[in-house]
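Down below is the structure, laid out as structure tokens.
The values are calculated or read from the model by the stated rules, or taken from the named source; none is laboratory data. Not measured: the values here are computed from a predicted model. Note: ideal-geometry Cβ built from the backbone for every residue, glycine included; neighbour counts use all protein chains shown.
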Amino acid sequence: MKRVAIGDVVLESGECIRQVEVGYQAYGTYDREANNAVVVCHALTGDVYVAGDEQRAGWWEGLIGPGMPIDTNKYYVICSNVLGGCYGTTGPASLCPEDGKPYGSRFPFITIRDMVRVQRRLLEVLGVEQLYAVIGGSVGGMQVYEWMTEYPEMMQLALPIATCSRFSAIAIAYNDAARQAIQSDPEWQGGDYYPAAGPRRGLSVARMIGMITYRTAELFEERFGRSLQATNDSDPSQTMFQIESYLRYQGEKLVDRFDANSYLTLLKAMDTHDIGVNRGGIEQALSRVRAKVVSIAIDSDLLYPDSHQRDMADLMERLGKKIDFYLMESKYGHDGFLVEFQKMGRIIKPYFDR
């Protein structure tokens, strides 16, 4: 991973974060004349390794890489860690320049729009003036919506996947349950737990809640059903089902790689996401779009229902925008955009076969 300093950043709220650094990874070679730059926006706990490297697999390597639908032999692909994250970009665990101590509870409220403005600043530092495409799923798709309304002349193609133009009430409810799990953990200490490990139990439970929303009842039933992980004949209350074991494993795995304050920061950015804010509403915001839009929804998505993306596609069509809408069938639910590489590839590939 590479890191670059982009200077002070004034947030949408008016607050300023000083001396911001951005962690990013780039694949391929930039060709200004060919306009081959592609920005990939990652999801909630994602990182910059979209296509992987010699040491690790990439979370979208089935779609991005040499010979893949987004071919890094042709395209210059950039993925940066979001503002507020914990994988190389300034976030709550970063040291505040004023006193050299972690921000913790002092880290300011940020929005999806703030994240995108930081990504735009990164491109300026890298000397990338135009993009062929911006693509992302889930929270990454929220960023795509912001890209195509905040910088409408910047890209030719925008691909929001399994996402929304504004967060729904039920999704905010799931996020608040996760937030309460973290903040109820005594080890959270109001966000000022560094250098201790912090609210590991709370973050683990928050992740368990998230995992329930990312998959489907059909998939859980198929994989686990009522199969037992462990039995206890003397105390049946201690019997554990495989689905319980799976969720606990997923929760424990996250706490080893993610910061609880970053999780809270990004959840709140999701909650407040609405491209219509300070733009006269969603219709006025979408009227700004100039790129060709390829919207991909998942029919079993609990967190980002396909009906919302279909409504946005219909609205853009009424506004005279160039829009193609695809509904992808998947038993994997919201996580389908991270799993169904063949289905996704068939949809995406024609738009990158230039």
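Against the test of being buried (at least 22 other Cβ atoms within 10 Å of the Cβ), under 25 Å from Arg3 (Cβ atoms) and not charged (D, E, K, R), the options Val139, Val125 yield a single qualifying residue, Val139. Set side by side, the residues Tyr263, Tyr249 differ, and just one is free of Cβ contacts under 8 Å to residues at least 12 places away in the same chain and in a helix (DSSP H, G or I), which is Tyr249. Quick one: would you say Ile64 is touching a residue at least 24 places away in the same chain (Cβ under 8 Å), farther than 30 Å from Ala171 by Cα and under 19 Å from the mean Cα position of the chain (by Cα)? Considered against the rule, which asks whether it is touching a residue at least 24 places away in the same chain (Cβ under 8 Å), farther than 30 Å from Ala171 by Cα and under 19 Å from the mean Cα position of the chain (by Cα), Ile64 comes out as no. Answer yes or no as to whether Gly88 is surrounded by 16 or more Cβ atoms within 10 Å (Cβ to Cβ), assigned to a loop (DSSP other than H, G, I, E, B) and in contact with a strand residue (DSSP E or B) (Cβ under 8 Å, 6 or more places away or on another chain). So Gly88 passes the test. Check the range 50-70 and report whether any residue there is among the β-branched types (Val, Ile, Thr), under 19 Å from Thr163 (Cα atoms) and touching a Cys at 6+ places or on another chain (Cβ under 6 Å). Yes - at least one qualifying residue is present in the range 50-70. So, in the range 306-354, of the ones that are in contact with a helix residue (DSSP H, G or I) (Cβ under 9 Å, 6 or more places away or on another chain) and in a loop (DSSP other than H, G, I, E, B), which residue ends up surrounded by the most Cβ atoms within 10 Å (Cβ to Cβ)? Result: Ser330.
When we screen Val77, Val48 for residues that are among the hydrophobic types (A, V, I, L, M, F, W, C), part of a loop (DSSP other than H, G, I, E, B) and in contact with a Phe, Trp or Tyr (Cβ under 6 Å, 6 or more places away or on another chain), the only hit is Val48. Among the residues of the range 11-67, just one is of a type in the set (A, V, I, L, M), surrounded by fewer than 18 Cβ atoms within 10 Å (Cβ to Cβ) and more than 23 Å from Met148 (Cβ to Cβ), namely Ala57.
Here the range 254-282 is the region considered, the condition is being of a type in the set (Lys, Arg) and either surrounded by 17 or more Cβ atoms within 10 Å (Cβ to Cβ) or touching a Lys or Arg at 6+ places or on another chain (Cβ under 8 Å) (or both), and the residue that is nearest to Trp188 (Cα to Cα) is Lys268. Please enumerate the residues belonging to the range 105-131 that are of a type outside the set (Phe, Trp, Tyr) and part of a loop (DSSP other than H, G, I, E, B). Pro108, Ile110, Thr111, Gly127, Val128, Glu129, Gln130, listed by residue number. The condition (being at pLDDT 95 or above, surrounded by 15 or more Cβ atoms within 10 Å (Cβ to Cβ) and within 19 Å of the chain's Cα centre (by Cα)) is satisfied by just one residue among Gly191, Gly210, Gly202: Gly210.
Taken as a whole, the range 217-231 holds no residue that is basic (Lys, Arg) and within 24 Å of the chain's Cα centre (by Cα).
Under 21 Å from the mean Cα position of the chain (by Cα), at pLDDT 95 or above and on the phi > 0 side of the Ramachandran plot: is that true of Ala158 in this structure? Here the answer is no, as Ala158 does not meet what is asked.
Filtering Ser300, Ser295 for residues that are of a type in the set (S, T, N, Q), under 25 Å from Arg207 (Cβ atoms) and touching a residue at least 24 places away in the same chain (Cβ under 8 Å) leaves a single hit, Ser300.
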